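Coordinate-derived values only; no laboratory data. In this text the structure is predicted, and so the values were computed from the model without any measurement. Positions of Cβ are backbone-derived with ideal geometry, glycine not excepted, and every protein chain shown enters the neighbour counts.
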Amino acid sequence: MITLSSSLHHEELHLPFQLPASWLATHQVLAILTGGTESLFLEELKRGTISIEKPIYLIVSGQSNSLAASLEILTYIQSQGGEGHLLRSVEDIQEEVGGDELEVKGESLRLGVIGEPSSWLIASYVDYEQVRRKMGVELINIPIEEVTSLGEVDGGLDGADKIYVRLKEIVHQYRLDGLTLRCFDLLSTVKNTGCIALSKLNDEGISAACEGDIPLLLTMMVARRKYGQPGFQVNPARIQADGRMLWAHCTVPLTMTTSHVLTTHFESGIGVGIHGELPLGQYRLMKLSADLKTLLDEPVELVANQYEDGLCRTQVWLQGTPELAERLLTHPLANHHLLVKVP
């Protein structure tokens, strides 16, 4: 790999993984670290270290006018009949190189899986080693008894807060960056829900998913990195051909809401659930597939809040495209998705 940076703005390239030597040996790769490197690119062409006759991959740093220079270089490559590719993000590089070939560098993120995924999430199991290699994420199995050992707690807000406190203790004990909780097991043991606890954790920057859903937790991590925002984990309730969709769940980060009331958990009728009202406007609907090969990240508009007795407590109507509706119904990425407010 050749790195190009100007004398005025020297930058270093930092990637969270080591590019495999076998891929670098068979591809023309230039890391465009700064602006003012277009002439350096031409010098490399004259030296013969790179050739227009073969595809050229340009890694963009995201700083110091790197993208501007990369676009100038890419335009030149195409004007000469060559093939060029911009690699603008970690996801671009992983997709091009092949995530299984990447060696993750540095300390991984640590995500807790408290209890196994709920039994109904039959399409949501992941390969832990693949997650480590492709995403730099270490998944830590934690027995559900770490929470259910609380025993029966008060069925109201006091009991829900005890679950929150216990989860915070687990976060510190295992040095977690996020977690997913097999929360339905709490209904028959602790006699309350994790809805309040997960809401608070997400508001505090600790990504927290329901029902032991690992792909959804990984989606939360992607959303945090990409948009810097928490997300609302949602179940699909209705999807219409025109792209209008109803999504719902019993927990939501309160920082995403304009108002909220506390009610019961929908399926059980016990404990504490949250009915929140979200601001109308532009959002992203996201989901990373369990095999880590597909990331859904589509613009949608939140057009209405509602409340019906027969659904999870926070309920939102989204307007997407007919193409998105068809994709969700014909090529689904399992159940839960993530709704993220666009800053």
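Cα gyration tensor of segment 152-277, axes a ≥ b ≥ c as square roots of the eigenvalues: rounded (a/c below 1.5), prolate (a/b > b/c) or oblate? Could you put the intermediate results ahead of the total?
Working: a/c = 1.72, a/b = 1.17, b/c = 1.48.
Oblate is the answer for segment 152-277, as a/c is 1.5 or above yet b/c matches or exceeds a/b.
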Checklist outcome for this item: Mean projected area (nm²) from the convex hull of Cα positions in the chain is 19.2
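Based on the mean of other beta carbon atoms within 10 Å per residue, what is the order of 208-218, 41-51, most packed first? Don't jump to the answer; show the numbers that get you there.
Details: 208-218: 26.3, 41-51: 12.9.
Highest mean packing first, the order is 208-218, 41-51.
Determine the gain in length on full extension of the stretch Gln80-Asp158; use 0.36 nm per residue of separation and subtract their C-alpha separation, reporting nm with one decimal. Spell out each step's value before the answer.
Details: separation 78, 0.36 × 78 = 28.08 nm, distance 6.89 nm.
Here the answer is 21.2 nm.
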Checklist entry - Looking at the chain, how many pairs of lysines come closer than 16 Å at the Cα, when each pair is eight or more places apart or spans two chains? => result 9
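Sum up the charges of everything whose Cβ sits under 10 Å from the Cβ of Leu254, counting Lys and Arg as +1 and Asp and Glu as -1, but leave Leu254 out.
On the way: positive: Lys200; negative: Asp203.
Counting the neighbours of Leu254, the net charge comes to 0.
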Next on the checklist: Using +1 at the C-beta of Lys and Arg and -1 at the C-beta of Asp and Glu, which of Tyr76, Ser64, Ile214 has the Cα lying farthest in the positive direction of the dipole of the chain?
Outcome noted: Ser64
Checklist entry - Given only helices, namely DSSP H runs of n ≥ 4 each adding -39500 (n - 2.57), what is the per-residue ellipticity at 222 nm of the chain, to the nearest 500 deg cm²/dmol? => result -9000 deg cm²/dmol
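At 18 angstrom or more along the helix axis (alpha-carbon based) and mean Kyte-Doolittle of 0.5 or higher, what helices does the chain contain? Whole DSSP H runs only. Working shown, then result.
Details: long enough: 66-79 (20 Å, 0.90); 157-174 (26 Å, -0.32); 214-227 (19 Å, 0.66).
Those that pass (Cα extent of 18 Å or more, hydropathy at least 0.5) are 66-79, 214-227.
Tell me, in nm to one decimal, what length is gained between Leu262 and Thr294 on full extension, where the rule is 0.36 nm per residue of separation less the Cα-Cα distance? Show your work: numbers first, answer last.
On the way: separation 32, 0.36 × 32 = 11.52 nm, distance 3.54 nm.
Answer, rounded to one decimal: 8.0 nm.
Ranked from highest to lowest mean number of other Cβ atoms within 10 Å per residue, what is the order of the peptides 292-302, 180-190, 76-86, 132-142?
Values: 292-302: 16.1, 180-190: 22.2, 76-86: 14.5, 132-142: 18.5.
Result, highest mean Cβ count within 10 Å first: 180-190, 132-142, 292-302, 76-86.
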Checklist entry - What FRET efficiency do you get for Thr255 and Ala68 if R0 is 35 Å and r is their Cβ-Cβ distance, rounded to the nearest 0.05? => result 0.50
Item to check | Protection-proxy order for peptides 326-334, 197-205, each taking the mean of Cβ atoms within 10 Å per residue, highest first | outcome: 197-205, 326-334
Next on the checklist: Given R₀ = 45 Å, what would the calculated FRET efficiency be for Ser188 paired with Asp242, taking r from the Cβ atoms and rounding to 0.05?
Outcome noted: 0.65
